[in-house]
Every structure is written in structure tokens, then in C-alpha cells.
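Colleague: This is the structure, below, for whatever I ask next.
The values are calculated or read from the model by the stated rules, or taken from the named source; none is laboratory data. Note that the structure is predicted; figures quoted are calculated from it, not measured. Every residue, glycine among them, receives a Cβ derived from its backbone with ideal geometry; neighbour counts consider all protein chains shown. Note: areas computed on protein heavy atoms with side chains; ligands, DNA, RNA excluded. Shrake-Rupley method; radii C 1.70, N 1.55, O 1.52, S 1.80 Å.
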Amino acid sequence: MSSDVLDIAAAVKKLASVIAPGALPAALHEPEFAGSDKEMLAACLDSGWVSYAGPQVREFESALARTCGRKHCIATVSGTAALHAALLVAGVERGDEVLIPALTFIATANAVAYCGAIPHLLDSAPETLGLDPDNLVQTLRAMVLKDGKNIRNKNTGRRIAAIVPVHVLGHPTDDVRLAEIAKLYDLPLIVDATESLGSLRDAKPAGSFGELSVLSFNGNKIVTTGGGGAILTDDDAIAERLRHITTTAKQAHKWAFVHDEIGFNYRMPNLNAALGLAQLARLNDFVARKRRLAAGYQDACQALPGLAFVSEPAGTQSNYWLNAVLLRRLEQRDRMLEALHEAGLYARPLWELMHRLPMFADAPRSATLAVAEDLQARILCLPSSPKLATP
Ligand SMILES: *Cc1c(COP(=O)(O)O)cnc(C)c1O
């Protein structure tokens, strides 16, 4: 057999051997409820404060701000809502273009569309899987037209309003470099860190970069509140504005219902925050076990020439939210997926690229999306719950 052809049966056996005994079948990412999860929920119910006025929301926000090295945190009902609100306060308006990677979960593109804006799709860097700084610079150079204090896409005439890198599978992008580029073009950087809570870039938390960054606590994320999200920022005025628009833009008053703009019912309920507090207390443990699982998969791949483990980018420490392998031979992908599923490893490919979905088929894009297309075709995500790690 040529050295890049994978022996599928041997590969599946080897990968399955990494997982703790008795843990198969395993979905891609199952939550783990233990410790004080139930007590925190029960205490919240007993207190009667189940909606967003409760004390646990504030506590959860403070704990998140601390964890991510940020001044402010605003917890929301979902990561998608967090992205939407972050784009709005960053000044994204109807008819603008927002630079996002083509390789991302649909929420990033949807949030742009909720603003009435258009996603402009960029290519990925092979080492981070996320937005490629070189492709960003090339795209900006090729299309930018200065218009007073704004910049426009000279091909569409639309204003460019923001840059949104995504930490794909938990691996941080090069946000130091991306922030420099954003500054050069006077664009806000909004980091979609929904998958990277607990990851570090240059020893700094993944959520600490950009004017704004966004987290998610969906059931499949590393820390879950059932559903939920958060927005992080160091800017006092932006934080205040976020608190306002995520709570129906209601003016503070003892009894009057006066709202001064069209706001959103986006604030996280206290019940979810109570679970979040208990979960967040175990973040370091989750990361440690997920990294142990990652080391096991990585080790297994060393003996499998047709398969490369997707490891953390240089300069980062990843939470390995989802472990992934890259197949050398694209034509083996579906047979490999079948075999993994048969063995109880419910592996999945990456998301369909945004420009291949009907809603975004006409979205403006960089001259090439070749890296994103290649990664999307050949990467398989493996079951990655912390509870799959051998003790
Ligand atoms: C999970 C996720 C989100 C947010 O999703 P919600 O389910 O709304 O919390 C956004 N972007 C990416 C890349 C994600 O993985």
C-alpha cells in the first residue's frame, strides 16, 4: 500500500482504543453534569430568581470576565444572539459587508445577516483552520477604496464594517496579527471565540482579543448552560450599551415601561447562569481531560500514515474543543466515516462552507477559498467529550 493510503479498519481500531473503556458509542460532544450542577440549579429554583434579573447572571458574568481577562461580560441567550448584539454595537449597519471566514458554523454568517449586512468570505490558514491574516491583507488591498473615514469594497460599493475571525474547533487564530491589520484599516475586530473558552494564545485567554469577543454555552460546547452565550469587552460605554439593547432597551425606572430604541430580549436567564457557574468552576478540569484525549488521538495518528492529527497552532494552548484528523486521501472520507460510525465513534465532517449554502451563494469572497475548501473536504471531527479521556 502506498504510504498515504489509510488502512481504514486499522485506523478505526487504533482511534477507538484511545477512548475510555465502556464509553462507546460516543457522540461528537456530550455534556458532563456532575459536581454542584444540580445543587446550583435547585438553589436557583428555590430562590425564585429564574429570569435575567437574578444574582447568578451577574456572578456568571464576573467569573467569565475574570477567566477571559476582560473588564466586562454580558451573558446572552445564545452565542448567535451574542454575535448579533456585538456586531450591532460595533457599528455594523444594513448594507455593510463584514469579513468572516468561509469555514465556520452558520451562526457567524447568520448574525451578519440579522444586521442586514452581507458576509464577505475569506480563506483559512492551514495551521489555525481560522481566518488567514495573509488572505485578509490581500483581499483588503485588492478591494479597498477609501471614502472619508469609511472604507468600501470597490467592486460592490458597500462599506466594510468589521472583521470576525473564528477560533475553529477551539484553536485560536493569530489575533495579535489580525488586530494589527484591523487597526491599519480602522475596522473593529470581533472575535468569535464560541469554541475556544479555556484556550490560550501567547499565554492570553482566547476571549481576550478584539474590541469584542463572543462565547457560546450551547449543549455541545466545553462549558454549557443548556443554551447561552456571552459578549466580552474592555470598553465601558460598549458594555453599557450591550446591557441596554440585550434587555429590550428599557430605561431604568421603578414602574414605568419606557424603551428608547428597538432592543432585544437577549439576556441570559438566571437559571442558565446558575448552571454556568457550576460548569465554569470545572473548566480547567474539562480542558485537562480534553487535552489528554487529544494527546491519545495524536499518538494513535503517528502510527497511521494516511491520517494527520490536527494539533494546536504554534503559540497557542488549545482546549481541543473538537479533536480532528485530516485524511490525506479525500476519496477515503466517506468510507472512513462509515467505519467510525459502525465502531460507535460518531465522527462528522466540518460544516458546509458558507458560499455553498443557498443563502450565501452570492456572497462576495476573496480571490481564493482553496485552503478552506481543502480543509472542509478532508477533516473529520472525532468524539471529544472530556468524559471519553481515560482516567
Ligand atoms: C456554537 C457556535 C456559535 C454560537 O452558537 P449558539 O448555538 O447560538 O450558541 C457561533 N459560532 C460558532 C463558530 C460556533 O461554533
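Colleague: For region 75-114, how many residues meet the condition of being within 15 Å of the ligand (Cβ to nearest atom) and assigned to a loop (DSSP other than H, G, I, E, B)?
Modeller: 6
Colleague: Condition (residue is assigned by TED's automatic domain parsing to the domain that holds residue 64, buried (at least 18 other Cβ atoms within 10 Å of the Cβ), in a helix (DSSP H, G or I) and among the hydrophobic types (A, V, I, L, M, F, W, C)) applied to region 229-236: is it met by at least one residue?
Modeller: Looking only at region 229-236, we keep the residues that are assigned by TED's automatic domain parsing to the domain that holds residue 64, and these are 229-236.
Restricting the remaining residues to those that are buried (at least 18 other Cβ atoms within 10 Å of the Cβ) gives 229-233.
Add one more test, that the residue is in a helix (DSSP H, G or I), and what stays is none.
Among the residues of region 229-236, not one is assigned by TED's automatic domain parsing to the domain that holds residue 64, buried (at least 18 other Cβ atoms within 10 Å of the Cβ), in a helix (DSSP H, G or I) and among the hydrophobic types (A, V, I, L, M, F, W, C), which makes the answer no.
Colleague: Which numbered condition in (1) open to solvent by 20 Å² or more (accessible area, probe 1.4 Å); (2) away from the ligand (no atom under 16 Å from the Cβ); (3) part of a loop (DSSP other than H, G, I, E, B) is the only one that residue 210 fails?
Modeller: (2)
Colleague: Okay, moving on. Kindly provide the set of residues from region 252-271 that are without any contact (Cβ under 8 Å) to a residue 60 or more places away in the chain and surrounded by 15 or more Cβ atoms within 10 Å (Cβ to Cβ), ordered by number.
Modeller: 263
Colleague: Another question about this same structure. I'd like to verify a number: residues in region 84-122 that are in contact with a Lys or Arg (Cβ under 6 Å, 6 or more places away or on another chain), under 18 Å from residue 245 (Cα atoms) and buried (at least 22 other Cβ atoms within 10 Å of the Cβ), how many?
Modeller: Total satisfying the criteria: 1.
Colleague: Take residue 182 and decide whether it is surrounded by fewer than 24 Cβ atoms within 10 Å (Cβ to Cβ) and either acidic (Asp, Glu) or assigned to a helix (DSSP H, G or I) (or both). Working first, answer last.
Modeller: Numbers: surrounded by fewer than 24 Cβ atoms within 10 Å (Cβ to Cβ): yes; either acidic (Asp, Glu) or assigned to a helix (DSSP H, G or I) (or both): yes.
Against the criterion (surrounded by fewer than 24 Cβ atoms within 10 Å (Cβ to Cβ) and either acidic (Asp, Glu) or assigned to a helix (DSSP H, G or I) (or both)), residue 182 qualifies.
Colleague: Can I ask one more? Being of a type in the set (Lys, Arg) and closer than 30 Å to residue 292 by Cα narrows it down to one of 38, 71, so name that one. Explain how you work it out, then say what you get.
Modeller: Working: 71 fails: closer than 30 Å to residue 292 by Cα.
Being of a type in the set (Lys, Arg) and closer than 30 Å to residue 292 by Cα holds for just one of 38, 71, which is 38.
Colleague: Okay, moving on. When residue 52 is evaluated against the numbered criteria (1) out of contact with any strand residue (DSSP E or B) (no Cβ under 7 Å at 6 or more places or on another chain); (2) in the same structural domain as residue 228 (by TED's automatic domain parsing); (3) part of a loop (DSSP other than H, G, I, E, B), which criterion, by number, is the only one it fails?
Modeller: (1)
Colleague: Could you check, for region 187-198, whether at least one of its residues is within 16 Å of the ligand (Cβ to nearest atom), small (Gly, Ala, Ser), open to solvent by 10 Å² or more (accessible area, probe 1.4 Å) and modelled with pLDDT of 95 or more?
Modeller: Just the residues of region 187-198 that are within 16 Å of the ligand (Cβ to nearest atom), to begin with: 189-198.
After this cut, where a residue has to be small (Gly, Ala, Ser) as well, the list is 193, 196, 198.
If we keep only those that are open to solvent by 10 Å² or more (accessible area, probe 1.4 Å) as well, we get 198.
Restricting the remaining residues to those that are modelled with pLDDT of 95 or more gives 198.
For region 187-198, residues within 16 Å of the ligand (Cβ to nearest atom), small (Gly, Ala, Ser), open to solvent by 10 Å² or more (accessible area, probe 1.4 Å) and modelled with pLDDT of 95 or more: present.
Colleague: Exactly one condition in (1) hydroxyl-bearing (Ser, Thr, Tyr); (2) away from the ligand (no atom under 16 Å from the Cβ); (3) open to solvent by less than 60 Å² (accessible area, probe 1.4 Å) is not met by residue 51; state its number.
Modeller: Answer for residue 51: the failing condition is (3).
Colleague: So which residues in region 34-46 are part of a helix (DSSP H, G or I) and either in contact with a His (Cβ under 9 Å, 6 or more places away or on another chain) or in contact (Cβ under 8 Å) with a residue 12 or more places away in the chain (or both)? Full working, then the answer.
Modeller: In the first step, residues of region 34-46 are kept if they are part of a helix (DSSP H, G or I); the result is 37-46.
37, 39, 40, 41, 43, 44, 45, listed by residue number.
Colleague: Next question. Tell me which residues, restricted to region 128-179, are among the polar types (S, T, N, Q), in a loop (DSSP other than H, G, I, E, B) and either surrounded by fewer than 23 Cβ atoms within 10 Å (Cβ to Cβ) or not assigned by TED's automatic domain parsing to the domain that holds residue 92 (or both). Step through it out loud before you land on a result.
Modeller: Filtering region 128-179 for residues among the polar types (S, T, N, Q) gives 128, 135, 138-139, 150, 153, 155-156, 173.
Of the ones still in play, those that are also in a loop (DSSP other than H, G, I, E, B) are 128, 155-156, 173.
If the condition is that a residue be among the polar types (S, T, N, Q), in a loop (DSSP other than H, G, I, E, B) and either surrounded by fewer than 23 Cβ atoms within 10 Å (Cβ to Cβ) or not assigned by TED's automatic domain parsing to the domain that holds residue 92 (or both), then 155, 156 are the ones that fit.
Colleague: Determine which single condition residue 261 fails, assuming it passes every other condition in (1) closer than 25 Å to residue 63 by Cβ; (2) in a loop (DSSP other than H, G, I, E, B).
Modeller: Single failed check for residue 261: (1).
Colleague: Something else now. Looking at (1) within 16 Å of the ligand (Cβ to nearest atom); (2) not in a loop (DSSP other than H, G, I, E, B), which one does residue 58 not meet, given that it meets all the others?
Modeller: (1)
Colleague: Right, here's the next one. Can you name every residue in region 278-317 that is assigned to a loop (DSSP other than H, G, I, E, B) and touching a strand residue (DSSP E or B) at 6+ places or on another chain (Cβ under 8 Å)? Steps first, please.
Modeller: Kept after step one, since they are assigned to a loop (DSSP other than H, G, I, E, B), are these residues of region 278-317: 281-282, 303-306, 310-315.
Of everything in region 278-317, those that are assigned to a loop (DSSP other than H, G, I, E, B) and touching a strand residue (DSSP E or B) at 6+ places or on another chain (Cβ under 8 Å) turn out to be 306, 310, 315.
Colleague: Could you run through region 241-251 and say how many residues are in contact (Cβ under 8 Å) with a residue 24 or more places away in the chain and open to solvent by less than 30 Å² (accessible area, probe 1.4 Å)?
Modeller: 4
Colleague: While we're here: So, of the residues in region 346-361 that are in a helix (DSSP H, G or I) and free of Cβ contacts under 8 Å to residues at least 60 places away in the same chain, which turns out to be nearest to residue 326 (Cα to Cα)? Step through it out loud before you land on a result.
Modeller: Residues of region 346-361 in a helix (DSSP H, G or I): 354-356, 358-360.
Narrowing the set further to residues that are free of Cβ contacts under 8 Å to residues at least 60 places away in the same chain leaves 356, 358.
On the way: 356: 21, 358: 27 Å.
So, considering only residues that are in a helix (DSSP H, G or I) and free of Cβ contacts under 8 Å to residues at least 60 places away in the same chain, the one nearest to residue 326 (Cα to Cα) is 356.
Colleague: Now for a separate question. Can you tell me which residue within region 215-226, out of those that are open to solvent by 20 Å² or more (accessible area, probe 1.4 Å) and touching a helix residue (DSSP H, G or I) at 6+ places or on another chain (Cβ under 7 Å), is nearest to the ligand (Cβ to nearest atom)?
Modeller: That would be 218.
Colleague: Given the criterion open to solvent by less than 40 Å² (accessible area, probe 1.4 Å) and closer than 19 Å to residue 227 by Cα, identify the matching residue among 75, 20.
Modeller: Details: 20 fails: closer than 19 Å to residue 227 by Cα.
The unique qualifying residue is 75.
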